[in-house]
1. Among (1) out of contact with any helix residue (DSSP H, G or I) (no Cβ under 8 Å at 6 or more places or on another chain); (2) assigned to a strand (DSSP E or B), there is one condition residue 97 misses while meeting the rest; what is its number?
2. Given the residues 111, 116, which is the only one that is in a loop (DSSP other than H, G, I, E, B) and closer than 23 Å to residue 35 by Cα?
3. Search segment 71-97 for residues that are among the β-branched types (Val, Ile, Thr) and pair each with any residue that is in a strand (DSSP E or B) and loosely packed, with under 14 Cβ neighbours inside 10 Å when their beta-carbon atoms are under 8 Å apart and the residues are at least 6 apart or on different chains.
4. Please count how many residues of segment 32-60 are in contact (Cβ under 8 Å) with a residue 24 or more places away in the chain and among the β-branched types (Val, Ile, Thr).
5. Filter segment 19-59 down to residues that are basic (Lys, Arg) and either surrounded by 10 or more Cβ atoms within 10 Å (Cβ to Cβ) or touching a strand residue (DSSP E or B) at 6+ places or on another chain (Cβ under 6 Å) (or both) and give me whichever is modelled with the lowest pLDDT.
6. Taking the conditions exactly as written (among the small types (Gly, Ala, Ser) and in a helix (DSSP H, G or I)), does residue 66 satisfy them or not?
Amino acid sequence: MKKNNTNKSKIVKLSFGGVFAILCILYIIIEGGSKTIENYRLEKNGICVKALVYDKTPIGSKGTISIGYYFYFRNNKFYGKSYNDDKAKIGDTILIFFLESDPNINRSNSILEIPIEKKMKQ
């Protein structure tokens, strides 16, 4: 008599491409989630300051502009980039928010769109 083994677990085999695709999707989810959390923290606890635009660089052929800015906090200089302030010129100031616990986490307010009723530190 032959036994029917229907209870055996099936082993799923993934190709290298399948594993790579899953890893890419996980990376996108994690990276997007961390940026969302950073934006939330900036909105709730961020300090608003003026930053000076020091660089304006076109990226690619679709007209995207990257601007580089810097600001000072506790006598230290911190840098950031924005892709939403294409009208800003070198030498202009823009409003940014940063976290006091880690000023390297900073965003232009044109991305965050936080009402500027918060106190300015500078």
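1. (1)
2. Of the residues listed, the single one that is in a loop (DSSP other than H, G, I, E, B) and closer than 23 Å to residue 35 by Cα is 116.
3. Close Cβ pairs (under 8 Å, with a partner that is in a strand (DSSP E or B) and loosely packed, with under 14 Cβ neighbours inside 10 Å) amount to 90/54; 90/55.
4. Residues of segment 32-60 that are in contact (Cβ under 8 Å) with a residue 24 or more places away in the chain, as a first pass: 38-39, 41-43, 45-56, 59.
Restricting the remaining residues to those that are among the β-branched types (Val, Ile, Thr) gives 47, 49, 53, 59.
Result for segment 32-60: 4.
5. At the first step, the residues of segment 19-59 found to be basic (Lys, Arg) are 35, 41, 44, 50, 56.
If we keep only those that are either surrounded by 10 or more Cβ atoms within 10 Å (Cβ to Cβ) or touching a strand residue (DSSP E or B) at 6+ places or on another chain (Cβ under 6 Å) (or both) too, we end up with 35, 41, 50, 56.
Working: 35: 85, 41: 92, 50: 95, 56: 93.
The residue in question is 35.
6. no
The values are calculated or read from the model by the stated rules, or taken from the named source; none is laboratory data. Keep in mind that this is a model prediction, so the values were computed, not measured. In this analysis, Cβ positions are derived from the backbone assuming ideal geometry, glycine residues included, and neighbour counts consider all displayed protein chains.
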